[in-house]
Amino acid sequence: MAEIDELRTALLARIEASESPRDVLRASEFKQLYAKIPQLDPAERGAYGKQINELKVALETAIDARQSAIEDQLVLPLDITAPWDINGSEPALLPTENGSVHPLSKELERVVDIFTRMGFDAHESRQIDNDWNMFGALNFPEGHPARDGYDTFRTEEGFIPPAHTSTMQNRVLRAGKAKLEAGGQIASISYGRVFRNEDVDATHEHTFYQCEGVFVSDSATLGQMLGTLRAFFEEYYGQKLLIKTQPGYFPFVEPGLEFAIEKPATLGGKPGDWLEMLGCGMIHPNVLRAADIDPEKYRGFAWGGGVERLVMLKYGIEDLRHFESGKLAFLRKFA
Ligand code: DAH
């Protein structure tokens, strides 16, 4: 018995010092303990066997503890809150330049800033929506061919990644109704990503950004709309601009217009280079009704257009695909 105690002390010490502690169970001294069993007096065998088993359990516990201590040592002290390169020692991993805000984000901020200074509130548009907001609330009758013009994607469940930011109109109108009835106005822009099932080329993307404006009061006019849009474009491009409109068809406005600016000489334009920038018009009575707003008492105007187009003109960007390409050479020009 004293022999077993001695062995226990020796083996535990060996485990503590070993890099592969499990090997200790294969030590010949330990194996010999079992070899002795047949030589013992049968009356002693039970107690002896119990002692060996206890020893084995004690050794296994010590082995497990030692094993996890070894594994802990292998893990380098790691500060997960540190800058990303701090935990490595490779100089090649150190960043050599800072990242920058994407040009579209930066320009969208400018757009939002101009409209909020004019008194509009601003919301990001939703990226998943439904048939009602995409079409129904916007006076597209069921089965109307104008629905096909929007090349909409649909999920298997029937949801729609919006093909225009006009999907926000019904929400904006409903949210503003109380304000209107308290004698105020609705003045709101919605901006964000929109999606169309289109072939991609230099002027078409399946994913792009739009900005939508809605204004409603008891006396809104087309003149106010043109003034608002002119003020926006002149502020954005930092110069006086010529504007013109021509009739355009959108089921949610009546009359509907396409709004164009003359490409400024400072941006490489010649007189007569008209660029269509957005669609707009007086909000159709059915669109107001769809939001429980009485078209006999209130009238409004709305507009919506692409953000990339604005930015491309401003910086002379020739290909729409650059924006979503993630190409550093392009992004660095705007850093
Ligand atoms: N949603 C239209 C489009 O993407 C653009 C548009 C036209 C928005 C007229 C409007 C509007 O708010 O009044 O083609």
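The values are calculated or read from the model by the stated rules, or taken from the named source; none is laboratory data. None of these values were measured; they are calculated from a predicted model. Please note: Cβ atoms are built from the backbone with ideal geometry, for glycine as well, and neighbour counts cover all protein chains shown.
Can you tell me how many residues in segment 237-269 are more than 13 Å from the ligand (Cβ to nearest atom) and either closer than 16 Å to Gly306 by Cα or not polar (S, T, N, Q) (or both)? Summing the residues that are more than 13 Å from the ligand (Cβ to nearest atom) and either closer than 16 Å to Gly306 by Cα or not polar (S, T, N, Q) (or both) in segment 237-269 gives 16.
Restricting attention to segment 240-266, and to residues there that are within 17 Å of Tyr315 (Cα to Cα) and in contact with a Leu (Cβ under 6 Å, 6 or more places away or on another chain), which single residue is surrounded by the fewest Cβ atoms within 10 Å (Cβ to Cβ)? Here the answer is Glu262.
Conditions tested, residue by residue: (1) under 18 Å from Thr167 (Cβ atoms); (2) at pLDDT below 95.
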| position | (1), (2) |
| --- | --- |
| Arg110 | no, no |
| Asp113 | no, no |
| Asp121 | yes, no |
| Trp132 | yes, no |
| Ala137 | yes, no |
| Pro141 | yes, yes |
| His144 | yes, yes |
| Asp148 | yes, yes |
| Thr152 | yes, no |
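Taken over segment 275-301, the criterion of being within 16 Å of the ligand (Cβ to nearest atom) and among the acidic types (Asp, Glu) is satisfied by Glu276 alone.
Hey, among Arg332, Arg321, which residue is in contact (Cβ under 8 Å) with a residue 40 or more places away in the chain, out of contact with any Asp or Glu (no Cβ under 8 Å at 6 or more places or on another chain) and more than 16 Å from the ligand (Cβ to nearest atom)?
Among Arg332, Arg321, only Arg332 is in contact (Cβ under 8 Å) with a residue 40 or more places away in the chain, out of contact with any Asp or Glu (no Cβ under 8 Å at 6 or more places or on another chain) and more than 16 Å from the ligand (Cβ to nearest atom).
Filtering segment 173-198 to residues that are of a type in the set (A, V, I, L, M) and either crowded, with 22+ Cβ neighbours inside 10 Å or on the phi > 0 side of the Ramachandran plot (or both) leaves Leu173, Ile186, Ala187, Ile189, Val194. Cβ-Cβ contacts under 7 Å between residues 6 or more apart (or on different chains), taken from a first residue in segment 233-261 that is in contact (Cβ under 8 Å) with a residue 40 or more places away in the chain to a second residue that is more than 16 Å from the ligand (Cβ to nearest atom) and assigned to a helix (DSSP H, G or I), are listed as Glu235/Ile114; Tyr236/Arg110; Tyr236/Ile114; Tyr237/Lys314.
Among the small types (Gly, Ala, Ser), more than 22 Å from the chain's Cα centre (by Cα) and more than 16 Å from the ligand (Cβ to nearest atom): does that describe Gly272?
yes
A residue that is over 23 Å from Asp294 (Cβ atoms), among the hydrophobic types (A, V, I, L, M, F, W, C) and assigned by TED's automatic domain parsing to the domain that holds Ile114 can be found somewhere in segment 176-194.
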